[in-house]
1. Per 5 Å bin from zero, what fraction in whole % of the C-alpha pairs of the chain is there, up to the bin with the longest pair?
2. Using unit Cβ charges (K, R positive; D, E negative) and no other charged atoms, how large, in debye to the nearest 20, is the dipole of the range 14-119 about its Cα centre?
3. Rule-of-thumb check for the range 55-136: C-alpha Rg over 2.2 N^0.38 Å?
4. Amide H neighbours of Ile143 under 5 Å, counting only residues 5+ apart in sequence or on other chains, H built in-plane at 1.01 Å?
5. Once every Cα of the range 126-210 carries one equal point scatterer and solvent is ignored, give the base-10 log of I(q)/I(0) from the Debye formula at q = 0.15, 0.23 Å⁻¹, two decimals.
6. Taking a threshold of 26 Å on the Cα-Cα distance, which of the pairs Lys14/Lys203; Lys26/Lys78; Lys78/Lys124; Lys14/Lys78; Lys124/Lys166; Lys8/Lys121 fall above it?
7. Positive end of the dipole of the chain, charges at C-beta (+1 Lys, Arg; -1 Asp, Glu), about the Cα centre: which of Ala202, Thr116, Tyr60 has its Cα farthest in that direction?
8. Given the -39500 (n - 2.57) contribution per DSSP H run of 4+ residues, what per-residue ellipticity at 222 nm results for the chain, rounded to the nearest 500 deg cm²/dmol?
Amino acid sequence: MEAGEIQKAFGAIKGWYRDAGPRPSKPSKEDIEVTQAEYVELYTPREPTEGPIPLHITPYPINDEPPTEDEVMQSVRKLINNKAAGARGITAENLKDWMDIANPSEEGTLPDPAATVLWVKVLKIVRLAFEEGELPRAFSEGIFVLIPKADVGEYRGIALLEIIYKLISLIINGRLIGAVNFDDSMHGNLPQRGTGTAIMEAKCPTERQDR
């Protein structure tokens, strides 16, 4: 706090609270199997029961070309730090370090060869996803984590995905937001919008009518 690093201080407080609080019981083998079966059922593809949904609008011209290095770098900077890594152990901090070391901002500073090799590999994986339309097999694997719910014996499952998968999703999301004109009533999954802005709009009907 004294150094002004609020985010790091908040992370430290969360870590302390987690360690100081009561530990939930570990899920049994049966709990894990039940939750895994639920998620397999949830994400199993099924044949549609009806025909395709008719489109009554002109599709937006979304850029599907492989991203430039600058576009990848802009998306890397938007990745959130202090998040759990996927199965390969690569974090957002790793990508940012490789990017910064491979592209030093200070004049006269030479890029580190090892970081440059890793950064070039990241760029290649991202570009191949757009060029070939396929993702590496490793992106289909994740660490399955069970988070205890309020009721004993019930868990919510989440999967920790690879950070480069998230990076590709972030690039696509940025292109969609930049090209699509979203209705002003939407609040979810939009920059600087969320539950709070939706509540403010619901509580301020006069302002909503004036727009």
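1. Taking every Cα pair in the chain, the percentages come to 1, 5, 9, 10, 13, 15, 16, 13, 10, 5, 2, 1, 0.
2. On the way: 11 positive and 19 negative charges, 133 e Å.
Its charge dipole is roughly 640 debye.
3. Details: Rg = 15.6 Å, N = 82, 2.2 N^0.38 = 11.7 Å.
Ratio of Cα Rg to 2.2 N^0.38 Å: 1.33.
4. Residues meeting the criterion, in which the H sits 1.01 Å from N, are Ala87, Leu160.
5. -0.86, -1.07
6. Values: Lys14/Lys203 32 Å; Lys26/Lys78 34 Å; Lys78/Lys124 19 Å; Lys14/Lys78 22 Å; Lys124/Lys166 15 Å; Lys8/Lys121 29 Å.
Cα-Cα > 26 Å for Lys14/Lys203; Lys26/Lys78; Lys8/Lys121; rest within.
7. Ala202
8. Values: 8 runs with 102 residues, N = 211.
Computed mean residue ellipticity for the chain: -15000 deg cm²/dmol.
Every read-out reported here was derived from the displayed coordinates using simple, explicitly stated rules and does not represent laboratory data. Quick caveat, the model's predicted, so the values are computed rather than measured. Because the Cβ atoms are built from the backbone with ideal geometry, glycine has one as well, and the counts that use them run over all protein chains shown.
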